[in-house]
1. Taking only C-alpha pairs under 8 Å that are 6+ residues apart, what is the relative contact order of the range A:3-97 in percent?
2. Please compute the modelled spin-label separation between residue A:50 and residue A:34, points set 7 Å along Cα→Cβ, answer in nm with one decimal.
3. Describe numerically, in nm with one decimal, the distance between label points set 7 Å from Cα along Cα→Cβ at residue A:17 and at residue A:58.
4. Sort A:65-73, A:48-56, A:79-87 by the packing proxy (mean of other Cβ within 10 Å over each peptide's residues), most packed first.
5. Counting only helical runs of four or more DSSP H residues, what would the 222 nm mean residue ellipticity of chain A come to if each run contributes -39,500 (n - 2.57) and the total is spread over all its residues?
6. Excluding same-chain pairs closer than 8 in sequence, count the lysine pairs in chain A whose Cα atoms lie under 19 Å apart.
7. Taking amide H positions as placed 1.01 Å from N in the peptide plane, with prolines and chain starts having none, which residues 5 or more places from residue A:20, or on another chain, fall under 5 Å of its amide H?
8. For the range A:41-58, what does the Karplus curve 6.51 cos²θ - 1.76 cosθ + 1.60, with θ = phi - 60°, yield as ³J(HN,Hα) per residue in whole Hz, taken in order and with x for Gly and Pro?
Amino acid sequence: MRIPDEKVWAVVRRIPRGKVATYGQIARLAGLSNPRHVGKALKALPEESDVPWHRVVNARGEVSERRPPGWDDLQRILLEAEGIEFRGKGRISFDRYRWKPEGGEEE
DNA sequence: AGATTGACTGCAT
DNA sequence: CATGCAGCCAATC
């Protein structure tokens, strides 16, 4: 892998419980040039990992659709378990749950 | 080696 | 607020 996927996982691990981050934020923190690579790293993420990949959402504040339908539904369940509230169709209130990277990681 | 795709983003309409 | 188009890098075909 040319892209430091472990770095991405490290950033995702830093996400406090009850908050979410966008691929762009993670990509920037991980030093990646393209947010798409974040998705690739998460795709290669082993399930035995303790990385809260479910806290990673797209810029619109909604869960991204993966290739196999149904997997994204699991993410929503996990987010609700974290205490995150969804809007009508499955969108998250960013103003409330957006994670502030290395600027005051409060929990 | 060239073309296509992919867990995306940002700005314009 | 939803939709459309372009940019981006790496992996895969």
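1. Relative contact order for the range A:3-97 comes out at 29 percent.
2. Result for the modelled spin labels: 3.3 nm.
3. Placing both labels 7 Å beyond Cα along the Cβ direction yields 2.9 nm.
4. In decreasing order of mean packing, A:65-73, A:48-56, A:79-87 become A:48-56, A:79-87, A:65-73.
5. On the way: 5 runs with 42 residues, N = 107.
Counting only the DSSP helices, I get -11000 deg cm²/dmol.
6. Details: A:7/A:40; A:7/A:43; A:7/A:100; A:19/A:89; A:19/A:100.
Value for chain A: 5.
7. Amide H to amide H, under 5 Å and 5 or more residues apart or across chains, residue A:20 pairs with A:98, A:99.
8. So the Karplus estimates, Gly and Pro as x, are 5, 5, 5, 7, 6, x, 6, 7, 6, 9, 7, x, 4, 6, 7, 9, 10, 7 Hz.
Read-outs throughout are calculated quantities, based only on the coordinates presented, and are distinct from any laboratory measurement. These numbers were taken from a predicted model, which means no experiment stands behind them. Glycine also receives a Cβ, built like all others from the backbone with ideal geometry; neighbour counts cover every protein chain displayed.
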